[in-house]
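Presented below is the structure to which this report refers.
The values are calculated or read from the model by the stated rules, or taken from the named source; none is laboratory data. Since the structure is predicted, the reported quantities are computational estimates derived from the model, not experimental observations. Here Cβ is always computed from backbone atoms with ideal geometry, including for glycine, and neighbour counts include all displayed protein chains. For accessibility, only protein heavy atoms count, side chains too; no ligands or nucleic acids. Shrake-Rupley method; radii C 1.70, N 1.55, O 1.52, S 1.80 Å.
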Amino acid sequence: RTEFALKEIMSSGGAEDDIPQAERKTVTDFCYLLDKSKQLFNGLRDLPQYGQKQWQSYFGRTFDVYTKLWKFQQQHRQVLDNRYGLKRWQIGEIASKIGQLYYHYYLRTSETSYLNEAFSFYSAIRQRSYYSQVNKEDRPELVVKKLRYYARFIVVCLLLNKMDVVKDLVKELSDEIEDYTHRFNTEDQVEWNLVLQEVAAFIEADPVMVLNDDNTIVITSNRLSETGAPLLEQGMIVGQLALADALIIGNCNNQVKFSELTIDMFRMLQALEREPMNLASQMNKPGMQESTEKPARRENPHKYLLYKPTFSQLYTFLAASFKELPANSVLLIYLSATGVFPSGRSDSEGPYDFGGVLTNSNRDIINGDAIHKRNQSYKEMHCLHPGDLYPFTRKPLFIIVDSSNSVAYKNFTNLFGQPLVCLLSPTAYPKALQDQSQRSGLFVSGLSSMRRGLWEKCQDYLRKINRDIAQLLTHSRSIDQSFLQFFGDEFLRLLLTRFIFCSATMRMHKIFRETRNYPESYPQLPRDETVENPHLQKHILELASILDVRNVFLENTLDDY
């Protein structure tokens, strides 16, 4: 292929004999690197999606070739322009592929630093207008490359919380789609317009705007900062387990999503990451570490993002995570999925008798949010039942279920004596509160915006509350030891303190009056020492006063039970 392309290029550039040998070699080397890079890039999709070892050397080789290709075209641009006819969109394609490599390396490693590298390459394409001439060529497939670049760039910007850039990109993408559909009258117009609608809904899903004095929006982050989780203090006896792996599963009907990322998945993946570092100061090229060096300590737990997985897919990834989980480590499973309810009354109360959450199947979903099995003698097949997770409780397991049937997972049994905790969402919203499950927000104060100064004051107060929750939890005499085993890990500590704060807040809210409106857990938390603790309730009322929403909370909560 290279020889044929080379002859075509040389003959179109004039008499073959007129081309100096050095320039001929430059074009040959470029064609070789380009072919090799495409071959390696296309091979990435054949790599196993799970397992953390097999793919690293292949990624390293791919990065190596793309690095050489990128430097080569920079050093020999003039010769390649004259003899190869290198177009700016072709340079843009190389940069776009490098951006994709960094993004996929982030997905494989969960290291947020690689998102910054993807962003820098995608930004360069836009700043240098590499794709600007594409619209002048009568080739719709080139325009589609440009549109896909925009969609990928938007995903990276969303993950980095660069919302101002996202808004600019969406406007540019909208104009590009309009021009594309007007010029080529293609069949994929509806699909591209759907992409625009999805990203617009994703941007609007952020519930509370924080505003500067000049009314510009402050970008807030869900990632773990240095001051995020409450510090462990002297006298707190907790386990030494570390969160090493996480499965983040999104399978809700009609939830806001962009690409294969629901708003729930988006928020949870950020809650399991630290703020990004500058890659240059952290490590060398991905996959290129010398064997003599010790690998850098993984800052973030590894994670798999599974959008609408089938039972088989979910179980395969779960088994891979379980197999590779290091000693003294925790596996986290986050399930944001439509509830599957038992079909009839069962004589037994086993781990397959309460339903669970939906796994994907090829048939259409019936009955909206609830799937009811018509044949009562069998269990729902496309469902992750609590019993399906029993084999994996042989190792420390931390489960979060956000579903209309989350309470199915309250009926767990700890068979193997390993640390095991399930945090379970409310199964219903109060009638007075509009169902916000599509946007995945439950913001009980009714606030839609606030000033930066107030936001920062509330954040400081919330940190104080989290410190107090950590004290309550670690000094409790009746709490299950599993909670304390997990409390040594920074990410899990923040999730547990937030869960207790959220539970306590809902129990004090005037319109949250039914049991199903409250989060629950397995094992149960001692209420009087945690979610119904008078000291914590007092703090919540003080925070409500700072926000001027005290009127929506009950003053004497314990008297109302």
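For this structure, a couple of remarks:
- Computed from point charges on the beta carbon alone (+1 for Lys and Arg, -1 for Asp and Glu), the dipole magnitude for the stretch 1-206 about its Cα centre is near 760 Debye.
- Acute angle (nearest 10 degrees) that the helix 452-475 long axis makes with the longest principal axis of the chain, alpha-carbon atoms: 60 degrees
- In summary, the lysines within cross-link reach of K395, defined as a Cα separation below 22 angstrom excluding same-chain residues under 8 places away, comprise K53, K303, K323, K410.
- For the chain, alpha-carbon Rg relative to the globular expectation (2.2 N^0.38 Å, N residues): 1.10
- For the stretch 525-533, 3J(HN,Hα) computed residue by residue from phi via the Karplus equation (6.51, -1.76, 1.60; θ = phi - 60°) reads 7, x, 4, 5, 9, 10, 6, 10, 6 Hz, glycine and proline entered as x.
- The magnitude of the dipole of the chain, with charges of +1 and -1 set on the Cβ of Lys/Arg and Asp/Glu and taken from the Cα centre, is near 760 debye.
- Residues of type lysines that K36 reaches as a straight line, Cα spacing below 22 Å, ignoring anything fewer than 8 places off in the same chain: K7, K25, K68, K71, K87, K97, K145, K285
- Ranked by how many other beta carbons lie within 10 Å on average, peptides 134-144, 323-333, 252-262 from highest: 252-262, 323-333, 134-144
- Of all aspartates and glutamates in the structure, those lying under 16 Å Cα to Cα from K379, and not within fewer than 8 positions of it along the same chain, are D347, E349, D353, D388.
- Ligands, DNA and RNA excluded, the heavy atoms of T67 present near 40 Å² of accessible surface to a 1.4 Å solvent probe.
- Cα gyration tensor, the stretch 1-206 - rounded (a/c under 1.5), prolate or oblate: oblate
- Proximity of backbone amide H atoms, modeled 1.01 Å from N, is registered between I333 and L247, F398, I399, I400 at under 5 Å, excluding neighbours fewer than 5 places apart on the same chain.
- Ranking T338, V531, W89 by Cα position along the charge dipole of the chain, where only Lys, Arg, Asp and Glu carry charges on their C-beta atoms, puts W89 farthest toward the positive end.
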